[in-house]
Amino acid sequence: MVREIHVDQIVSTVEGLCIKAANILPQDVMEALRRSLEREESPMGKNIINLLIENAQVASTEGVPICQDTGVTVVFVELGQDLHIVGGNLYDAINEGVRRGYINGYLRKSVVSDPIFDRKNTGDNTPAVIYTDVVPGDRLKITVLPKGAGSENMGAVKMLIPADGPQGIKSFVVETVKVAGSNPCPPIIIGVGVGGTMEKAALLSKRALLRKVGEPHPDPKIANLEREILEEVNKLGIGPQGLGGRVTAMAVHIELWPTHIACMPVAVTLQCHAARHAEAVL
Amino acid sequence: MAKRVLTPLTDDVVLSLKSGDEVLLSGVVYTARDAAHKRLVEMISKGEALPMELKGQVIYYVGPCPPKPGQVIGSAGPTTSGRMDPYTPILIERGLKGMIGKGLRKPEVIEAMKKYKAVYFLAIGGLGALLAKRIKKAEVIAFPELGPEAVYKLEVEDFPVIVGIDAYGNDLYVEGVNRYKVI
């Protein structure tokens, strides 16, 4: 028998995830901030990190957003192929959940409908940016990642060639962080997508943000590259809030995909210190 | 030790502030971000009256969250200032004395700050829950249709900022990064 799930359950789950993500900083991010205190040498930098930790604690206790930029709502869906959704459409349900979450949770509505001319606010933070993977099984996994614009605006994609090698990737990531300076609200987390096609690399770089902060890639070669890039980035001296210091980034997460014989696309998504996301499995 | 500064700002106060100074601001500040800046500058070019007097005033680059019941305002930290750069020199020329935001500014903004004596304060990005507690009153005074981008008149008390760029052109970002960069 095929398992069924009613859209109402999806709506209320997404509503809850939007509010939880905006108000509660994941434990691994809190721990990464605390660890970065030990490495930071700048007195002002230490002071800033302490305030960020205090701010996250207050947000969680009082049930208010960590940051007023509660983002464009990026939703990653893993849909089990044996699950049957009843009562409506999956994407309508997700957007209704976003609408309720942003209204009932007193979150900021930051989405405009026409990106070029009118730029009129949609008033409920919809539509979400939704990515769906169909997977084996009969479950539905939903991950909500509210993405703020301060860091999103500083991301970059570059079509490197195979001859550029790991050094090319390293230089591109370091340059991207350098140009971003204080804008993405350091200490940041750096998502890097390598391979596939241009848009695939960009998506990988966003998904890389879902990894537990600082957990190395399972392939030791890639884990080593992550470590080397992190070290280089932290030599830039940008530091907390860009005011100078040792901790510009807390982690580099690289995700890979096979690619064309002629290609080596690299995408970088920068994530501010408020690295928010929340997930649920139905 | 933080300096206590009241708004609106006079030239003397602006000139007494140096990059790196910690400041507690009190008084009225106005919010404006991308869409409001665009409208303000359009109004200036058409010769229309602005919704607020700019002389001596401070603009805070923020789009706050809506208040929960019992709150004055929702989370309210700074947004990235650089997006306002195309509009800022004309506002400074019209009397704007201070800006609160985060991130780098373009040379033309710094030149206008030096020429007309204005100061750029930094608030810490991602500190919205704590900063909201220093805002005692909030009222939308223009462009309500812009939602979070409307212009609010805020009354702040001991609002914690750092002088990022002073009226002499000293830039704390440049100084801070130079102190710690290894490459």
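Please work out if B:Ile165 is within 11 Å of another protein chain (Cβ to nearest Cβ) and either at pLDDT 95 or above or over 30 Å from A:Thr61 (Cα atoms) (or both). No.
Do you know which residues across the stretch A:91-109 are touching a helix residue (DSSP H, G or I) at 6+ places or on another chain (Cβ under 7 Å) and surrounded by 14 or more Cβ atoms within 10 Å (Cβ to Cβ)? The answer is A:Ala93, A:Ile94, A:Glu96, A:Gly97, A:Val98, A:Arg100, A:Gly101, A:Tyr102, A:Gly105, A:Leu107, A:Arg108, A:Lys109.
If you filter the stretch A:263-282 down to residues that are touching a helix residue (DSSP H, G or I) at 6+ places or on another chain (Cβ under 7 Å) and outside any strand (DSSP E or B), you find that the one that is most open to solvent (accessible area, probe 1.4 Å) is A:His277. None of A:Pro258, A:Pro166, A:Pro187 is touching a residue at least 12 places away in the same chain (Cβ under 8 Å) and crowded, with 24+ Cβ neighbours inside 10 Å except A:Pro187.
You will find that of A:Val58, A:Val29, A:Val14, A:Val64, the residue that is open to solvent by less than 80 Å² (accessible area, probe 1.4 Å) and part of a loop (DSSP other than H, G, I, E, B) is A:Val64 and no other.
Beta carbons closer than 7 Å, at least 6 apart along the sequence or on distinct chains, pair a first residue in the stretch B:57-77 that is more than 7 Å from chain A (Cβ to nearest Cβ) and touching a residue at least 24 places away in the same chain (Cβ under 8 Å) with a second that is charged (D, E, K, R) and surrounded by 24 or more Cβ atoms within 10 Å (Cβ to Cβ) for B:Gln57/B:Lys97; B:Val58/B:Lys97; B:Tyr61/B:Arg33. The residues listed here are A:Leu90, A:Leu52, A:Leu79; of these, the one that is facing chain B (nearest Cβ under 7 Å) and closer than 26 Å to A:Glu152 by Cβ is A:Leu52. Consider A:Gly71 carefully, then state whether it is closer than 19 Å to A:Val98 by Cβ, surrounded by 18 or more Cβ atoms within 10 Å (Cβ to Cβ) and away from chain B (no Cβ under 14 Å). No, not satisfied. Within the stretch A:239-251, the set of residues being open to solvent by less than 10 Å² (accessible area, probe 1.4 Å) and either aliphatic (A, V, I, L, M) or outside the structural domain of A:Pro187 (by TED's automatic domain parsing) (or both) comprises A:Val247, A:Ala249, A:Ala251.
The values are calculated or read from the model by the stated rules, or taken from the named source; none is laboratory data. All values derive from a computational prediction rather than experimental measurement. Every residue, glycine among them, receives a Cβ derived from its backbone with ideal geometry; neighbour counts consider all protein chains shown. For the accessible areas, the whole protein counts, side chains as well, though only heavy atoms, and no ligand, DNA or RNA atoms are used. Shrake-Rupley method; radii C 1.70, N 1.55, O 1.52, S 1.80 Å.
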